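The values are calculated or read from the model by the stated rules, or taken from the named source; none is laboratory data. Fair warning: this is a prediction, and the values are worked out from it, not measured in the lab. Here the Cβ positions follow ideal geometry from the backbone for every residue, glycine too, while neighbour counts run over all protein chains shown.
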Amino acid sequence: MLSRRLLSGQLFGGAVILTGMNPPPSQSTAAVDSAKAVRGGKFDSPEQEVFLNLWRTYDRLKLLEDDTFGRFNLSAQQYNALRILRSVHPGSMPTLALGTRLISRAPDMTRMLDKLEQRELLFRERKPKNRRVVEVSITAKGLALLDELDEPVRECHRRQLGHLSRTAMRDLSKLLRAAREPHEDPDNPSIVDP
């Protein structure tokens, strides 16, 4: 059972860390006691219940994802980068643009790209017109790996969410978009948003 303290999520290095916070001074004891009566003591707020459900769901689904990508010696983040590069193939894109299109932030983009380049899955080059911009493109070997991954990834998604009806998945997607919309950067829309 959680304590009387409110818990908030904080993103740290790709993991969510729960940190304790005392209720704001503006919250009266009566309001806290009333909220406790409503929640039955299990959660400090409906928002906390939803957040913890999201976190737990992410953890359960990520186990299946890690298993799938682990068989190919890739992380989900590396796979996402390669998929984005495939979408602009045969062209390239600046490293910074790639970073903004990733599903989740890559704390060390350079190191991630280094690993993919060492495996000859992508190619980086500085253009003569602007040496500060590094362009990234996927290689034939990277495209072949993605082709090999297509069916295992579809199977992973079926294992993750195939038990839900199409209507339930559509409704869930709408709710998730609504939850994150106020926190999205309007200049860098997510690939999962229409």
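Points worth noting:
- Matching option when the condition is touching a Ser or Thr at 6+ places or on another chain (Cβ under 7 Å) and outside any loop (DSSP other than H, G, I, E, B), among L64, L52, L85: L85
- Number of the condition not met by L61 [criteria: (1) under 14 Å from the mean Cα position of the chain (by Cα); (2) closer than 25 Å to L172 by Cβ; (3) modelled with pLDDT under 95]: (3)
- Region 132-178: number of residues that are assigned to a strand (DSSP E or B) and touching a residue at least 24 places away in the same chain (Cβ under 8 Å): 6
- Looking only at region 125-140, and only at residues there that are in contact with an Asp or Glu (Cβ under 8 Å, 6 or more places away or on another chain) and surrounded by fewer than 12 Cβ atoms within 10 Å (Cβ to Cβ), the one that is modelled with the lowest pLDDT: R126
- Looking only at region 111-124, and only at residues there that are exposed (fewer than 15 other Cβ atoms within 10 Å of the Cβ) and without any contact (Cβ under 8 Å) to a residue 12 or more places away in the chain, the one that is farthest from the chain's Cα centre (by Cα): Q118
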